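We did not get these values from a lab; they are worked out from the coordinates using the rules stated. As the structure is a computational prediction, the values presented were derived from the model and not from experiment. When we count neighbours, we look across all protein chains shown, and the Cβ atoms used for this are built from the backbone with ideal geometry, even at glycine.
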Amino acid sequence: MLTLSKSRGISGVIKESPEDFVVKEITEKGMVLEPGRKYAPEELGETESADGKFTVMVLQKTRWDTSYALVTLAKRLSRGRKSIGYAGSKDRMSVSVQLASIFGTKPEQFSSFKIKDLSINGAWQSGNGVELGSNVGNAFEATIRKISNRNPKEAALNVLSELDGMMPNYFDRQRFGIRLNNASIGVKLMRGETKEAVMDLLTNTHGEENKEAIEARKRLAEEQDFKKAQEYFPGYLRVERTVINHLAEYDNYTNAVRALPRGIAIMFIHSVESLLFNMAVEKRIKRRDFDSIVSCGMNFYGFPDVSKAEPDGTYPLEALVGYKTDDRMISSYIGEAMEKIGISKEQFNIKGIPELSMAGSLRPILSPVTGIKCDAVSPKSLKISFSVPSGSYATVLLNEIMKNQDFDAKQILAASNE
């Protein structure tokens, strides 16, 4: 996406190893969770409840997807996917620390677990589980390697000086999927083109790198035989196999989507919201126009508090469009993006699959970045430390520094045509 800063980038790569990307959750009480440290509930301002039905834990993981790690723990105790809770998903290619919870378990049940690259740095009984979005933000320690710039620290500091503690609040590429087609699937679902959406999920090969997966997707596109696809579709494509297994037994594409966990299926609609927002922010950066009819104040940590929307707040807001979005909140930038994609706000009310409908919300156009530190690790490596609010992406700041431009809205739109 278009960067806010104009200073020259340093290039380089991130996440060469999990240790190059450390994610430390900032809890709703403002505590930064450090890796390798054991915590008692009182240290975090948490209340232990002897008759509580949840185990709340400090979860540290390496090379684990957040939900998959928690589901793995839950299964050990015969608990299902719906029993888990966490504030936000952390990068798989990272060392991350966060609060999480599992309903219907006891802290002592976790004491004997030994799972590679997972550790529980404290656990206690609680009357409440951890809820999505409950964290204040995340603190990061990111190492950029293979830098081409001869004076990387100076160049990075120039970018950071130009940004002056703010960055574009883009949704980064992980919101749009490895193949960048999440939004394409979402648009088809919104239009009622459910079969087309499912086939996009199963057969689109845009950006696919695995040869086995490419061959499987192409074969299914040609044969459209779901029973046969059960035999050859790669096992690691769990989402696709869930849909294929349903279609092999029932000829109902709507219910095939419903066979997916809601958190996965709704991501397709979130991706449409996110694409519209990104397109609007990019146009705003081109025009250097960040004015909005509504803005928000700050929370106790100094980060945006969207619940405090007001005409003269600190952080201007843009709409994440939904079927209930007030027309006055749809800026000309969002309107242009909706017209380009060919959707209306009413289509976020998805009649065929109502549980995926989106009412709409607001998001800051720019995001604050705090606690920034820049240290040279070697002549071709830099460590950047900083914190951003919940829902903002560390990789957006890193792209401002590197200027790698690894994806943009045009690529996402192109993915829908393959």
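The table below gives the values:
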quantity: Extreme residue, positive dipole direction of the chain, given options PHE290, LEU220, ILE372 (C-beta unit charges); calculated: LEU220
quantity: Charge sum, other residues only, whose C-beta stays under 11 Å from ILE401's C-beta, Lys/Arg counted +1 and Asp/Glu -1; calculated: +1
quantity: Charge dipole (debye, nearest 20) of segment 246-368; +1 at Cβ of Lys and Arg, -1 at Cβ of Asp and Glu; calculated: 160 debye
quantity: Top positive-direction residue, dipole computed over segment 184-262 with Cβ charges, set LEU247, GLY186, TYR236; calculated: GLY186
quantity: Convex hull volume of the chain per residue (C-alpha atoms, cubic angstrom); calculated: 152 Å³
quantity: Net charge dipole size for segment 19-137 [Lys, Arg +1 and Asp, Glu -1 on Cβ; Debye, nearest 20]; calculated: 620 debye
quantity: When segment 184-262 is reduced to its Cα atoms, the Kirkwood hydrodynamic radius in Å; calculated: 12.6 Å
quantity: Partners for LYS106 among lysines (Cα-Cα distance below 29 Å; same-chain residues under 8 apart left out); calculated: LYS24, LYS29, LYS38, LYS53, LYS61, LYS75, LYS82, LYS90, LYS114, LYS116
quantity: In sequence order, calculated HN-Hα J values of segment 253-264 (Karplus, 6.51, -1.76, 1.60; Hz; x Gly/Pro); calculated: 6, 4, 6, 5, 5, 5, 5, 6, x, 4, x, 7
